[in-house]
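Undergrad: A single structure is presented below for examination.
The values are calculated or read from the model by the stated rules, or taken from the named source; none is laboratory data. As the structure is a computational prediction, the values presented were derived from the model and not from experiment. Here Cβ is always computed from backbone atoms with ideal geometry, including for glycine, and neighbour counts include all displayed protein chains.
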Amino acid sequence: MQAPLYLVVGLGKTGHSIARYLKRRQLPFLMFDTRTQPAGLEAFHAEFPDVDIFLSELPEHYFEQLTAIISSPGVDLDQSSMKKAIAMGLPLYGDIECLAREIKAPVIAITGTNGKSTVTTLVGEMARAAGLSVAVAGNIGTPVLDLLDDNHAYDLWVLELSSFQLDLTQSLKPVAATILNVTPDHLDRHHTFEAYLSAKRKVYNHAKFSIYNRDDTFTLPIDKSQDVGTCSYQNSLLEQISFGLDAPEMGSWGLTIKDNTPYLTYGEIPFLSIHDLRIKGQHNWLNALAACALAHAAGIDLSCLVDVLKQFPGLPHRSQWVRTHLGVEWINDSKGTNIGATMSAISGIGGSMQGKIVLIAGGQGKGADFRQLRDCVEQQVRCVVLMGADADKLDTALADIVPIRRAASLDEAVNLAAKEARKGDVVLLSPACASLDMFRDFNHRGEVFTDVVNAL
């Protein structure tokens, strides 16, 4: 019998964690990266000096020796070596699949175009408030396989999962799973919206409870033409629970009005005024409801959910308040890297303010159709300040409905926005684009924005 040999693809953080996982198990492996000059090459050499590394293309003779391929989620599966491996029928999976094959503790699985990190963090905090030992991982924080081997027996895993990760996962059996929302994203990878949606819906495979957004039919675990209720999904009986901004049915989550104030509500029980939430905007009300639904489905008491929601300040770069200056609020939503996130931020913030929004947007659009921004921009936005690689495309989509200003840098954009904003307005950095044309990542973009705003 041929000795096992694994191919680890990708020299980023996830690839390093997969390599450590295999080394701990004394399983032989090769390393491959589809890029010619990957950033993690030197770090990998330092940690694994005896492991062979191949770049750009894998030599032909290795394919017949491979047992399986364990890929990082961001790897281009259309690259020639990857296409050859897939065509040969080699098993292909990712780090989440490795985790799923090993753990016995319950899992909460969270995906969606926007809000994943906020909801994942909230659920983790709710679990800790209930006294559980919880691992919060996936597309957030420490790679899952590094947590798997820290000699800690977790009571619960809370996983933020991207469409890329779900494409590489088959065996995960969540106690509760959700798709928070779906808008077009990563079409440069998935090519069609239908393929992107199909990847997202894999989160419901083998789940006990599906938690869906009744305001977004794309989040249903079944085709929207089918009946909603209890249904069979991927050979698993799946119970459906919904959340939304209207009054909920029994067993679901939503909003009701009490004493002229919206309350988060479970069934017929209003349990928390939206004024007691530290996170603001309608999109964050939905995030809070989704987190409650997931945590409650996993057996966490309602009192723990309320305690966390009263204290949770939100995550950096996600509709994060920066300062009030001359009667204008400044909000950092640099994590708004797609049109859905920006639409959510505009609608959520615009629905709870007296003035208008001055929007700072632009960067790498990832093939998005910016015309989808038109309705919310026309309703809520006073002026748009554009920057970055796809500024022209945004200009074309929006120029006939709102004044446009152009900036060569974020510093210039902030100063232009300050001139356009009036007392009672909000200046919102929510680019609807990735950041890599001008910044290291969205964190760097948000930090620069915060620094410039605080210097006004």
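Undergrad: If you check residue 8 against the conditions, is it under 17 Å from residue 99 (Cα atoms) and either surrounded by 20 or more Cβ atoms within 10 Å (Cβ to Cβ) or in contact with a helix residue (DSSP H, G or I) (Cβ under 9 Å, 6 or more places away or on another chain) (or both)?
TA: The answer is yes for residue 8.
Undergrad: Go through the residues of segment 324-338 one by one and say whether even a single one is assigned to a loop (DSSP other than H, G, I, E, B), of a type in the set (A, V, I, L, M, F, W, C), on the phi > 0 side of the Ramachandran plot and not assigned by TED's automatic domain parsing to the domain that holds residue 155. Steps first, answer last, please.
TA: Just the residues of segment 324-338 that are assigned to a loop (DSSP other than H, G, I, E, B), to begin with: 326-327, 333-338.
Filter once more, keeping what is of a type in the set (A, V, I, L, M, F, W, C): 326.
Next, from what is left, pick out any that are on the phi > 0 side of the Ramachandran plot: 326.
Restricting the remaining residues to those that are not assigned by TED's automatic domain parsing to the domain that holds residue 155 gives 326.
Checking segment 324-338: at least one residue is assigned to a loop (DSSP other than H, G, I, E, B), of a type in the set (A, V, I, L, M, F, W, C), on the phi > 0 side of the Ramachandran plot and not assigned by TED's automatic domain parsing to the domain that holds residue 155.
Undergrad: Being modelled with pLDDT of 85 or more and either in contact with a Cys (Cβ under 9 Å, 6 or more places away or on another chain) or buried (at least 19 other Cβ atoms within 10 Å of the Cβ) (or both) is the filter here; which residues of segment 167-195 pass it?
TA: Of everything in segment 167-195, those that are modelled with pLDDT of 85 or more and either in contact with a Cys (Cβ under 9 Å, 6 or more places away or on another chain) or buried (at least 19 other Cβ atoms within 10 Å of the Cβ) (or both) turn out to be 167, 168, 169, 172, 174, 176, 177, 178, 179, 180, 181, 182.
Undergrad: Kindly provide the set of residues from segment 88-110 that are of a type outside the set (A, V, I, L, M, F, W, C) and in contact (Cβ under 8 Å) with a residue 40 or more places away in the chain, ordered by number. Talk me through it step by step, then tell me what you get.
TA: Initially, segment 88-110 is screened for residues of a type outside the set (A, V, I, L, M, F, W, C), giving 89, 91, 93-95, 97, 101-102, 104, 106.
Scanning segment 88-110 gives 93, 94, 95, 97, 101, 102, 106.
Undergrad: Now a separate question. Conditions first: (1) at pLDDT 90 or above; (2) basic (Lys, Arg); (3) touching a helix residue (DSSP H, G or I) at 6+ places or on another chain (Cβ under 7 Å). Residue 224 passes all but one, so which condition is the exception?
TA: All conditions pass for residue 224, except number (1).
Undergrad: Might you let me know whether segment 104-115 holds any residue that is of a type in the set (D, E, K, R) and within 19 Å of residue 8 (Cβ to Cβ)?
TA: As a first pass, look at segment 104-115 and keep what is of a type in the set (D, E, K, R): 104.
Next, only the ones that are within 19 Å of residue 8 (Cβ to Cβ) stay: none.
Among the residues of segment 104-115, not one is of a type in the set (D, E, K, R) and within 19 Å of residue 8 (Cβ to Cβ), which makes the answer no.
Undergrad: Which one of the conditions (1) farther than 20 Å from residue 444 by Cα; (2) within 21 Å of the chain's Cα centre (by Cα); (3) not basic (Lys, Arg) does residue 326 fail to meet, given that it meets all the rest?
TA: Result: residue 326 passes all but (2).
Undergrad: Still on this structure, I have one more. Could you please give the count of residues in segment 264-279 that are hydroxyl-bearing (Ser, Thr, Tyr) and more than 26 Å from the chain's Cα centre (by Cα)? Quick ask: steps written out before the conclusion?
TA: Residues of segment 264-279 that are hydroxyl-bearing (Ser, Thr, Tyr), as a first pass: 265-266, 273.
So of that shortlist, the ones also more than 26 Å from the chain's Cα centre (by Cα) come out as 273.
Number of matching residues: 1.
Undergrad: Give the residue that is farthest from residue 342 (Cα to Cα), with candidates limited to residues of segment 446-456 that are in contact with a strand residue (DSSP E or B) (Cβ under 7 Å, 6 or more places away or on another chain) and either of a type outside the set (Phe, Trp, Tyr) or surrounded by fewer than 20 Cβ atoms within 10 Å (Cβ to Cβ) (or both). Lay out the reasoning, then the answer.
TA: So in segment 446-456, the residues in contact with a strand residue (DSSP E or B) (Cβ under 7 Å, 6 or more places away or on another chain) come out as 446, 449-450, 453-454, 456.
Subsequent filtering for residues that are either of a type outside the set (Phe, Trp, Tyr) or surrounded by fewer than 20 Cβ atoms within 10 Å (Cβ to Cβ) (or both) retains 446, 450, 453-454, 456.
Details: 446: 14, 450: 18, 453: 20, 454: 23, 456: 24 Å.
Step by step, filter segment 446-456, then rank; the result is 456.
Undergrad: In segment 132-172, which residues are on the phi > 0 side of the Ramachandran plot and either of a type outside the set (Gly, Ala, Ser) or touching a residue at least 24 places away in the same chain (Cβ under 8 Å) (or both)?
TA: Taking segment 132-172 first, the residues on the phi > 0 side of the Ramachandran plot are 138, 141, 151.
Those that are on the phi > 0 side of the Ramachandran plot and either of a type outside the set (Gly, Ala, Ser) or touching a residue at least 24 places away in the same chain (Cβ under 8 Å) (or both): 138, 151.
Undergrad: Follow-up. Please state which one of 48, 29 is modelled with pLDDT of 90 or more, outside the structural domain of residue 159 (by TED's automatic domain parsing) and farther than 23 Å from residue 141 by Cα. Steps first, answer last, please.
TA: Details: 48 fails: farther than 23 Å from residue 141 by Cα.
Residue meeting the stated conditions: 29.
Undergrad: What number of residues in segment 307-340 are modelled with pLDDT of 90 or more and crowded, with 19+ Cβ neighbours inside 10 Å?
TA: Adding up the residues that qualify gives 15.
Undergrad: Follow-up question, since we're still on this one. Of the residues 386, 428, only one is within 16 Å of residue 280 (Cα to Cα), at pLDDT 95 or above and in contact with an Asp or Glu (Cβ under 7 Å, 6 or more places away or on another chain); which? Reasoning before the result, please.
TA: Details: 386 fails: within 16 Å of residue 280 (Cα to Cα).
Of the residues listed, the single one that is within 16 Å of residue 280 (Cα to Cα), at pLDDT 95 or above and in contact with an Asp or Glu (Cβ under 7 Å, 6 or more places away or on another chain) is 428.
Undergrad: On to the next question. Identify all residues within segment 392-445 that are surrounded by 15 or more Cβ atoms within 10 Å (Cβ to Cβ), among the β-branched types (Val, Ile, Thr) and either part of a helix (DSSP H, G or I) or in contact with a Pro (Cβ under 9 Å, 6 or more places away or on another chain) (or both); write none if there are none.
TA: Selection gives 414 alone.
Here's the yes/no breakdown for (1) within 26 Å of residue 65 (Cα to Cα); (2) not in a loop (DSSP other than H, G, I, E, B):
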position	(1), (2)
85	yes, yes
89	yes, no
99	yes, yes
110	no, yes
124	no, yes
128	no, yes
136	no, yes
152	no, no
157	no, yes
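Undergrad: Say we look at segment 265-287 and pick out the residues that are crowded, with 19+ Cβ neighbours inside 10 Å and within 15 Å of residue 241 (Cβ to Cβ); which of these is modelled with the lowest pLDDT?
TA: So the residue we want is 286.
Undergrad: Please work out which residue is surrounded by the fewest Cβ atoms within 10 Å (Cβ to Cβ), limiting yourself to segment 116-143 and to residues that are more than 21 Å from residue 162 (Cβ to Cβ) and not charged (D, E, K, R).
TA: So the first thing to find is which residues in segment 116-143 are more than 21 Å from residue 162 (Cβ to Cβ), and the list is 125-133.
Next, only the ones that are not charged (D, E, K, R) stay: 126-127, 129-133.
Values: 126: 29, 127: 27, 129: 18, 130: 20, 131: 10, 132: 20, 133: 12.
For segment 116-143, the residue satisfying everything is 131.
Undergrad: When you look at residue 389, is it assigned by TED's automatic domain parsing to the domain that holds residue 353, touching a strand residue (DSSP E or B) at 6+ places or on another chain (Cβ under 6 Å) and crowded, with 23+ Cβ neighbours inside 10 Å, yes or no?
TA: Numbers: assigned by TED's automatic domain parsing to the domain that holds residue 353: yes; touching a strand residue (DSSP E or B) at 6+ places or on another chain (Cβ under 6 Å): yes; crowded, with 23+ Cβ neighbours inside 10 Å: no.
So residue 389 does not fit the description; no.
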